[in-house]
Each structure stands twice: as structure tokens, then as C-alpha cells.
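What follows draws every value from the coordinates through simple rules; no lab data is involved. Everything quoted here is computed from the prediction, not taken from an experiment. Quick reminder, even Gly has a Cβ in these numbers, built from the backbone with ideal geometry, and neighbours come from all protein chains shown.
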Amino acid sequence: MELRKDPITRSWVITGDDVPDNAPRLEPFCRFCPDSRESPQLIASMSGTPGASWSARAVVHPNALYHIEGEPTRRGDGIYDKMRPIGAHEVLVENSVHDRHLWKASDLEIEQFLLLAAQRIQDLKGDGRFKYVSMFKDHGNSAGQEFEHPTSQMTATTFVPRRVLYELRAAREYFESKERCVFCDIISQEMKQDLRVIELRGDFIAVCPYAPRVPYESWILPRTHEAAFGRFGLNRPGTMRDLGALLRRTLQRIRTITEEFHLVLHTSPNSLHRSGNLGYWKTIDEDYHWHIEIMPVLAAKAKSYTFKEVYYSPLSSETAVKRLRDAKIEP
Ligand SMILES: [Zn+2]
Ligand SMILES: [Zn+2]
Ligand SMILES: [Zn+2]
């Protein structure tokens, strides 16, 4: 495997013929359950929910795409750039119970999982080789789910993923002209208009974005400005309970429409890694704003929703939000 940079879009892709087999395997046991006979290498563990020896933990991904040892050694290949896939690839086990997914877990359990995620991001950001730490979850066969056990994944990479880079550049441009955070402005307009707000909870808001990429796309953001999720979680651990509850309730709403979804956390890149040619580091704490994006996968017409270059969502966010708000969920 190696990382190659598209010289036009400047985005990195991981490619190679020696791709680890990440297809769901029919194993007679679950490697993430507490009593597993083949436990993966443990990185960090959260103690603390009644009746469980641990509530959430981070382990090394059994088929890691990125490996921690060595230097990326960026090299040219004619006009192209490539580097070794140096990084970290972890599985965040959300819960010790095999079928207690985020939408079924208690708020305390989700809080522990979110705190673990914040700790892992801060820890990985301590490594100056890594420019960005991603956290994501794919649930359902069409979404590319890898493990049955409730899990999310985390990668630390020597580059910033393309979508985040677009957001960082756009947020910086908006800040340059208005001296305000675009996400804070979105939140304030959404709260004023109340056309696309799914729910408010403590300091957090769940909304359907104005220009959705797929029907029922949903975002969760803190209403207080903060660029970095890891720092936010460690400085304000008390807020993670509300975030957990809002995440659980939003997933419950989405699951009344479809069981399959992608979830990704967007947060600021590693500021320890100062890059001369990328000016966005200077105002990043002011212009970027962390958030969670949930992209439901609608099985029936999943393919026709996106024709290659332009997102096409045959349902407006104003209609989607009504269905999500009215969905019958647990308190
Ligand atoms: Zn399990
Ligand atoms: Zn903001
Ligand atoms: Zn985003």
C-alpha cells in the first residue's frame, strides 16, 4: 500500500494491490467482546459503567491500513508525489456489550465513548508526524460496516483528508472577509429560522444542512465556538453527556428512515504540525468549528442520488427535518 497525491485536486488516496481484506468475516467468535479468545492489542480503556469491567476502549485495528512505525518519506515520481502509509489505525469499541449500539446505549456509556475519542485524538495529535486525526463509523452492509460489535474507527494520517481540507479553506476564506466563523453563523441563522433544526440539547444542536448531499443528512455541532473536538472534550467533559444523548436521539430518528449510515467527526488538524505553505493554521482556532456529520444510506435508490459530480438529494432538508422531528424515539 502507498499514498498517492492527485496533482489536480491535491487529495491523497491510499492505493495498492496488497489491500488488507476488510470484508466482514464469519468468525465463530467476536474479537471485541470482553471474553474474546483473540483480543486485539489494547491501547486505552475507559472504566466505569455499572456491571462492566470497561465501558469503551481503543485497540489496534486487526487489518490496519496505516502503520505507526517509520517516516512517511515523501518522494517524487515524475510530476507525482507519493509517500508511505504511516499513521495510526484504531478501532474504538463503543461498548462492551455485543449488540448495544450507540442508539441503544445509556447516556453514561456514550459519554465514556466520546471521552475516549477525545483522549485518543489528543494523544495522537502529540505525534508531530500526524497532520490529522479522523473518527468515523460505517454502519450497515452498504455503508461498508466491518465488524458486528459496536465500533467506530480512528485514523491518524500524515495528510488532511480532502473534504476536511475543503472545509478548512472555505472557513478561512469566510473568516477573512467577515471575521466570523461560518459555522457559528450557520447555527445562529438556523436557530433564528427554525426550518431545519432537529433538536437542541444543552450546548449542542442537530440540524439538517441547507444543501444536503443525501436525504436526511444531519449534522451535530456545539453552539459554543470550538475548533478542536479533542480539546473541547477534555476541557469540558461535563458536556459530553448532552452530546451523547443528542447523538443517540439523532441516530434513533435516522433509524426510523434507514438502518445504514456513515458518521464522521470533522475537527481541526494537528496544530503541532506547522506547515509553511498552508496559511490556515494561523486563524484556525477562530475560523473552524468541529462537528459530526451523519450521512444516511437509503438502500432503494442509493445510487441514483449522486450522479458522479453533483450531489442530488430528492428530498429537501425542510421536509426531512419534519420527519426526523416527528419520529417516535425513546426519551
Ligand atoms: Zn462482540
Ligand atoms: Zn464557530
Ligand atoms: Zn464537515
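Provide the per-residue ³J(HN,Hα) series for the stretch 232-249, in order, calculated from phi with Karplus coefficients 6.51, -1.76, 1.60 and θ = phi - 60°, each as a whole number of Hz, with x at glycine and proline positions.
4, x, 7, 7, 10, x, x, 7, 5, 5, 5, 4, x, 5, 5, 5, 4, 5
Could you give the dipole magnitude of the chain about its Cα centre, charging the beta-carbon of Lys and Arg +1 and that of Asp and Glu -1, in debye to the nearest 20?
For this selection, approximately 520 debye.
Could you work out the helix-only [θ] at 222 nm for the chain, with each DSSP H run of four or more residues adding -39,500 (n - 2.57) and the total divided by the number of residues, to the nearest 500 deg cm²/dmol?
Estimated from H runs of four or more residues: -8000 deg cm²/dmol.
About the Cα centre, and with charges only on the beta carbon of Lys, Arg (+1) and Asp, Glu (-1), how big is the dipole of the stretch 1-135? Nearest 20 debye, please.
So the dipole magnitude of the stretch 1-135 works out to roughly 380 debye.
Charges on Cβ only, +1 for Lys and Arg, -1 for Asp and Glu, centred on the Cα centroid of the chain; of PRO62, THR49, THR155, which one is farthest towards the dipole's positive end?
Of the options given, the answer is THR155.
Sort ILE86, ILE121 by Cβ crowding within 10 Å, fewest neighbours at the top.
Fewest to most other Cβ atoms nearby, the residues stand as ILE86, ILE121.
Quick check on the stretch 54-142: of the DSSP beta bridges with both residues there, what percent are antiparallel, nearest 5%?
In the stretch 54-142, DSSP labels about 90 percent of beta bridges as antiparallel.
Count charges around GLU71 for me, please; just the other residues with Cβ under 13 Å from its Cβ, Lys/Arg as +1, Asp/Glu as -1. Present the calculation step by step, with values, prior to reporting the outcome.
Details: positive: ARG74, ARG75, ARG84, ARG129; negative: GLU69, ASP127.
Its environment carries a net charge of +2.
Note down the net charge around THR224, summing +1 for each Lys or Arg and -1 for each Asp or Glu among other residues with Cβ under 11 Å from its Cβ.
Details: positive: ARG223, ARG236; negative: ASP203, GLU226.
Neighbourhood net charge equals 0.
What order do you get for ILE43, ILE79, ILE254 when you list them from fewest to most C-beta neighbours inside 10 Å?
Fewest-to-most Cβ neighbours within 10 Å comes out as ILE79, ILE43, ILE254.
Would you grab the residues whose amide H sits under 5 Å from the one on ILE198? Only those 5+ places off in sequence or on another chain, please, with H modelled 1.01 Å from N.
ALA206, VAL207, CYS208
Name every cysteine in the chain that ends up alone, with no second cysteine's Cβ under 4.7 Å, or say none.
CYS208
For the residue pair ASP6 and GLU38, what label-to-label distance in nm results when each label sits 7 Å from Cα along the Cα-to-beta-carbon direction?
Output for this residue pair reads 3.6 nm.
About the Cα centre of the stretch 166-241, how large is the charge dipole given +1 on each Lys and Arg Cβ and -1 on each Asp and Glu Cβ? Please answer in debye to the nearest 20. Could the numbers behind the result be given before it?
On the way: 12 positive and 11 negative charges, 39 e Å.
Dipole about the Cα centre, nearest 20: 180 debye.
Have a look at CYS181, CYS208, CYS30 and tell me which one the Gaussian network model of the chain (Cα, springs below 10 Å) gives the largest fluctuation.
For the chain, modelled as a Gaussian network with Cα springs under 10 Å, the answer is CYS30.
Taking only the alpha-carbon positions of the chain and ignoring solvent, what does the Debye formula give for the base-10 log of I(q)/I(0) at q = 0.15, 0.16 Å⁻¹?
-1.46, -1.65
Projecting each Cα onto the charge dipole of the chain (Lys/Arg +1, Asp/Glu -1 at the beta carbon, about the Cα centre), which of ILE294, VAL91, GLY238 comes out farthest on the positive side?
ILE294
Once you list every other residue whose beta carbon is under 13 Å from the beta carbon of VAL182, what net charge do they have if Lys and Arg are +1 and Asp and Glu are -1?
Details: positive: ARG169, ARG172, LYS178, ARG180; negative: GLU167, GLU173, GLU176, GLU179, ASP185, GLU190, GLU286, ASP287.
Local net charge: -4.
What ³J(HN,Hα) values, in whole Hz, does the Karplus curve 6.51 cos²θ - 1.76 cosθ + 1.60 give for the stretch 117-126 when θ = phi - 60°, with x put for Gly and Pro?
Result, ordered by residue: 4, 4, 5, 5, 4, 4, 5, 5, 5, x Hz.
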